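First the structure, in the form of structure tokens, and then the observations on it.
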Amino acid sequence: MTDPAAFTSDDYAARMTRAADAAAAAGLAGVLVAPGPDLSWLTGYRPTAITERLTLLILRPGKAPVLMVPALERPDAEAAAGAPALEMRDWRDGDNPYAGVAPLLGNRGAFGMSDTTWALHLLGLQRTLPELRFTALTDGLPMLRAVKDAHELARLAGAGAAADEAYGEIVGVAFAGRRELDVAADLAGLLRKFGHEQVDFTVVGSGPNGANPHHEAGERVIQDGDTVVLDFGGLRHGYGSDTTRTVHVGEPGEEVRKVHDIVREAQQAAFEAVRPGVACEEIDRVARRVITEAGYGEWFIHRTGHGIGVTTHEPPYMVEGEKQPLVPGMCFSIEPGIYLPGRFGVRIEDIVTVTPEGGRRLNNTDRELRIVR
């Protein structure tokens, strides 16, 4: 699959304006963004090293965006795709960078700060500007990156299709007699084969290990008769994939089939509930209701889903208490599961995007219980 068109300086300028306007609507004086996913999404700039030297994007309603960078890193920042829209300022070793930022922030109001900001820098700003208040962007602007444009959706669809290709091949390899680590390495290799530049996780939970939703693949040798949870993903062209399928080594027993059918029904019901205006928590409720009514509610131990974009976990979250209504362009996982301690687990996960008509899956592999060897 070919790389979607690159983002332009206009794309990044529009994002920065959108963030500043969203800050104003939320009653914030502006947004402060340190290196991390928010900075790369807003400017295209990814510092080669994230260090104790302050790098900070300053967005204020009605004013030009400013990027404060260490002088030695300014050439890299100026090469970023979003640089034409930025006023670039630098500081040198020995300077107080917070004093350089202070005139841009004023002496009143609250600023949203990216979640990846080091405590060192937040504390430095608080010492320099004690009259200002700061709030995490996840709290202040949780939906900033949630609604994707057409270019972002194309990247997410490409990442999902690549993960599907990886699943299509992994079910053909030998499982029995091999370590979880071996299958995890196969999965990582397949993700890279199909275009992922970064592999974030390859969960291979066999037998009792499948009852741990975030099991880290280990030395356990997979055996005939094991149920195996496969959860894997990463970044392709800068956007995330994340999918889960549960397979079985050899012919499964009646209980495994029953549990898998319940999870599949819950996942399908939650998908069918996706439409604009529905609260995020309702997606969780629909999936949880199916599993609870089947008698397994106490073994569904996590939220039903999470947003995805330039990171594999981001707002919005499909969880009780999240009142945010679904909006076309949002992308998130639907991944109910049942985890029976000491025995086995089952999870099925797709990435879904909201359209004006309802939901559209970005993962389209078979959701049946696949038999592997």
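For D200, the test of being surrounded by 24 or more Cβ atoms within 10 Å (Cβ to Cβ), out of contact with any helix residue (DSSP H, G or I) (no Cβ under 7 Å at 6 or more places or on another chain), charged (D, E, K, R) and over 16 Å from V372 (Cβ atoms) is failed.
Residue count for segment 116-130 satisfying the condition of being assigned to a loop (DSSP other than H, G, I, E, B) and modelled with pLDDT of 95 or more: 4. Screening the candidates E255, E335 for the property of being modelled with pLDDT of 95 or more, within 16 Å of A211 (Cβ to Cβ) and touching a strand residue (DSSP E or B) at 6+ places or on another chain (Cβ under 6 Å) yields one hit, E335. Consider segment 120-170 and keep the residues that are more than 30 Å from V247 (Cα to Cα) and of a type in the set (D, E). The one that is nearest to the chain's Cα centre (by Cα) is E152. Can we say T117 is in the same structural domain as A29 (by TED's automatic domain parsing), free of Cβ contacts under 8 Å to residues at least 24 places away in the same chain, within 27 Å of the chain's Cα centre (by Cα) and buried (at least 18 other Cβ atoms within 10 Å of the Cβ)? Taking the combined requirement at face value, the residue does not satisfy it. Taken over segment 300-344, the criterion of being in contact (Cβ under 8 Å) with a residue 60 or more places away in the chain and of a type in the set (A, V, I, L, M, F, W, C) is satisfied by I301, I308, V310, V327, M330, C331, I334, I338, L340, F344.
When we screen R220, R245 for residues that are among the charged types (D, E, K, R), touching a helix residue (DSSP H, G or I) at 6+ places or on another chain (Cβ under 9 Å) and crowded, with 24+ Cβ neighbours inside 10 Å, the only hit is R245. Just one of the numbered conditions (1) buried (at least 20 other Cβ atoms within 10 Å of the Cβ); (2) assigned to a helix (DSSP H, G or I); (3) assigned by TED's automatic domain parsing to the domain that holds P315 is not true of E169: (1). If only residues of segment 315-373 that are buried (at least 16 other Cβ atoms within 10 Å of the Cβ) and acidic (D, E) are counted, the one that is nearest to A162 (Cα to Cα) is D350.
Results for (1) of a type in the set (K, R); (2) part of a strand (DSSP E or B); (3) within 22 Å of the chain's Cα centre (by Cα), shown as yes or no for each residue.
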{"site": "V259", "(1), (2), (3)": "no, no, no"}
{"site": "I262", "(1), (2), (3)": "no, no, no"}
{"site": "E265", "(1), (2), (3)": "no, no, no"}
{"site": "T292", "(1), (2), (3)": "no, no, no"}
{"site": "S333", "(1), (2), (3)": "no, yes, yes"}
{"site": "Y339", "(1), (2), (3)": "no, yes, no"}
{"site": "V354", "(1), (2), (3)": "no, yes, yes"}
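For the structure I just gave you, tell me whether T304 is of a type in the set (V, I, T), modelled with pLDDT of 95 or more, within 17 Å of the chain's Cα centre (by Cα) and on the phi < 0 side of the Ramachandran plot. The answer is yes for T304.
Residues that are of a type in the set (S, T, N, Q) and touching a helix residue (DSSP H, G or I) at 6+ places or on another chain (Cβ under 9 Å) were ranked within segment 9-49; the one that is farthest from H121 (Cα to Cα) is S9. Would you point out the residue of segment 138-166, among those that are assigned to a helix (DSSP H, G or I) and among the acidic types (D, E), that is farthest from V204 (Cα to Cα)? Looking at residues that are assigned to a helix (DSSP H, G or I) and among the acidic types (D, E), I get D139. Taking the criterion of being of a type in the set (A, V, I, L, M) and free of Cβ contacts under 8 Å to residues at least 12 places away in the same chain, the residues of segment 10-38 that qualify are A14, A25.
The values are calculated or read from the model by the stated rules, or taken from the named source; none is laboratory data. In this text the structure is predicted, and so the values were computed from the model without any measurement. We place every Cβ from the backbone using ideal geometry, glycine too, and count neighbours over all the protein chains shown.
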